[in-house]
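The values are calculated or read from the model by the stated rules, or taken from the named source; none is laboratory data. It should be emphasised that the depicted structure is a prediction, and the values quoted were computed from it without experimental measurement. All Cβ positions, glycine included, derive from the backbone under ideal geometry; neighbour counts span all protein chains shown.
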Amino acid sequence: MGETTRAPLHVTLLSLLALGLVWVVASWLSADPDILPTPLAVWQRIVEESASGKLAFHMQATLWRVLAAFGLAMVVGCVLGIVMGLSVRANRWMDPWVTVFLNLPALVIIVLAYLWIGLNEVAAVVAVALNKTAMVAVTIREGVRTLDQGVSDMARVYRMPAWRRLRHVIWPQLGPFVAASTRNGLAVIWKIVLVVEFLGRSNGVGFQIHLYFQLFDTASVLAYALSFTAVMLSIEYLIVQRWERSSSAWRRA
């Protein structure tokens, strides 16, 4: 289904071009570059920030936090999801915790992490990871519940060790669910990272957006926001979507 519903490249490019035209018209109608600068003005600001080295420095800091928090959330979330999916007792005890973290506002977790751990990198990464771990656990748990019971029974009949059963039986079937968690995780995590940087870090894209927000510099805010959006879209299209297709290829074979 994913192959037929995904837009071709030319359709995606034309859609983005149409969005750019809407932006041009909106900036022309507003007639105020302080409110909505033109795409050309934002591009010029991107070039200026890139030439000074500031854009690369702050984007690198944000990307590191995104990858660190994403990796932590995926590892912990996958372990919890598999345990909850395989064990009814574990699911009964852990489900209320997962539900609490699913409904706890991200801002509350961020503030508490800064209050308890301090204004440092550990607090920033932990706060972001906690916001995503519960979502990953729920997705993986549902994936475990859809496993082919016949294949699992066959693995038990042949007395396959637990580690090999996890690697060769359970994990391949969870591929689409892990891919879905990856896509959703990256989409959510980088936005939360910007909030973390906005509130309590001294570098990163979120910090720069906070700085230029105080200066009422809309062009610079858009320059940093769109630059990092472009990076995340590149990861989505070049890495995540390709892996998602390959992870579910065995189902179509």
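Quick notes on this structure:
- Residue within the range 79-90 that is in contact (Cβ under 8 Å) with a residue 60 or more places away in the chain and among the polar types (S, T, N, Q) present: no
- Whenever a residue of the range 204-232 is free of Cβ contacts under 8 Å to residues at least 40 places away in the same chain and under 19 Å from ARG65 (Cα atoms), its partners that are β-branched (Val, Ile, Thr) and part of a helix (DSSP H, G or I), lying with C-beta atoms within less than 7 angstrom and at least six residues away or across chains, give the pairs ILE209/VAL221; ALA225/ILE209.
- Selection status of LEU115, assigned to a helix (DSSP H, G or I) and touching a helix residue (DSSP H, G or I) at 6+ places or on another chain (Cβ under 6 Å): no
- Within the range 79-125, considering residues that are hydroxyl-bearing (Ser, Thr, Tyr) and surrounded by fewer than 17 Cβ atoms within 10 Å (Cβ to Cβ), the one farthest from LEU147 (Cα to Cα): THR99
- If you check LEU80, LEU55 for being under 21 Å from the mean Cα position of the chain (by Cα) and closer than 24 Å to GLY143 by Cβ, only one passes: LEU80.
- Number of the exception - PHE216 against (1) surrounded by 16 or more Cβ atoms within 10 Å (Cβ to Cβ); (2) touching an Asp or Glu at 6+ places or on another chain (Cβ under 7 Å): (1)
- Residue-level check: of (1) charged (D, E, K, R); (2) at pLDDT below 90; (3) touching an Asp or Glu at 6+ places or on another chain (Cβ under 8 Å), ARG65 misses just (2).
- Flag if VAL42 is surrounded by fewer than 13 Cβ atoms within 10 Å (Cβ to Cβ) and under 30 Å from LEU211 (Cα atoms): no
- Annotation: of all residues in the range 126-175 being modelled with pLDDT under 80 and surrounded by 17 or more Cβ atoms within 10 Å (Cβ to Cβ), the one that is farthest from the chain's Cα centre (by Cα) is ALA155.
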